[in-house]
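Undergrad: This is the structure, below, for whatever I ask next.
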Amino acid sequence: MDSGARRTRRQDLPIKADINVTSLVDVAFTLLVIFIITAPMLQGGVEIQVPEADVAPLTSETEPIIVTVEEDGSVFLAETPVPTEDVRTSLPQLLRASGAEIVLIKGDARANYEAVLQIIATVSQIEGITISLVGNPIMES
């Protein structure tokens with residue numbers, strides 16, 4: 001018996017050079033869903049309820065520093081919590097480090113007026129910067 005004459009079933013099958021992309025599509029859609037879910041969280045900032053007013057959009061060539069006053073009176077420089085009494089020393093350092101010339105003050109609509117006014121007064125004592133208050137435009141219905 002000649003073993004060379006025998007052909008196995010494997011040799012009779014044609015070679016397929018297809019790539020199965022099903023798993024690649026599954027991974028791509030999974031990553032897309034992850035990015036869709038996490039993108040809003042990456043916006044950053046401290047979430048507060050800003051009061052509504054008849055305001056115009058702010059335009060700036062440089063990135064502003066945002067000072068946020070929450071409802072309970074706590075203060076944030078950018079996204080870092082800072083004691084109110086330390087704003088006077090911390091903000092000028094942050095402005096020098098970032099090169100920013102504009103400070104946006106976001107006060108929660110339910111915050112104590114005194115807490116917001118105290119921050120406005122503190123920030124206004126820093127020379128060479130522009131101060132703006134942040135508000136949401138009034139929605140007409």
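The values are calculated or read from the model by the stated rules, or taken from the named source; none is laboratory data. As the structure is a computational prediction, the values presented were derived from the model and not from experiment. All Cβ positions, glycine included, derive from the backbone under ideal geometry; neighbour counts span all protein chains shown.
Undergrad: Identify all residues within region 78-133 that are of a type outside the set (A, V, I, L, M, F, W, C) and on the phi > 0 side of the Ramachandran plot; write none if there are none.
TA: Hits for region 78-133 are 99, 128.
Undergrad: Sort out for me the strands (runs of 3 or more DSSP E) sitting completely within region 22-141 that have 1 or more residues that are buried (at least 17 other Cβ atoms within 10 Å of the Cβ).
TA: Answer list for region 22-141: 65-69, 75-77, 80-82, 102-107.
Undergrad: Regarding residue 73, is this residue at positive phi and modelled with pLDDT under 80?
TA: no
Undergrad: Looking only at region 95-118, which residues are closer than 23 Å to residue 60 by Cα and touching a helix residue (DSSP H, G or I) at 6+ places or on another chain (Cβ under 9 Å)?
TA: Matches in region 95-118: 100, 101, 103, 105, 107, 108.
Undergrad: Would you be able to say whether some residue in region 38-55 is free of Cβ contacts under 8 Å to residues at least 24 places away in the same chain and under 14 Å from residue 134 (Cα atoms)?
TA: Yes - at least one qualifying residue is present in region 38-55.
Undergrad: Being at pLDDT 85 or above and acidic (Asp, Glu) is the filter here; which residues of region 1-46 pass it?
TA: Matches in region 1-46: 26 only.
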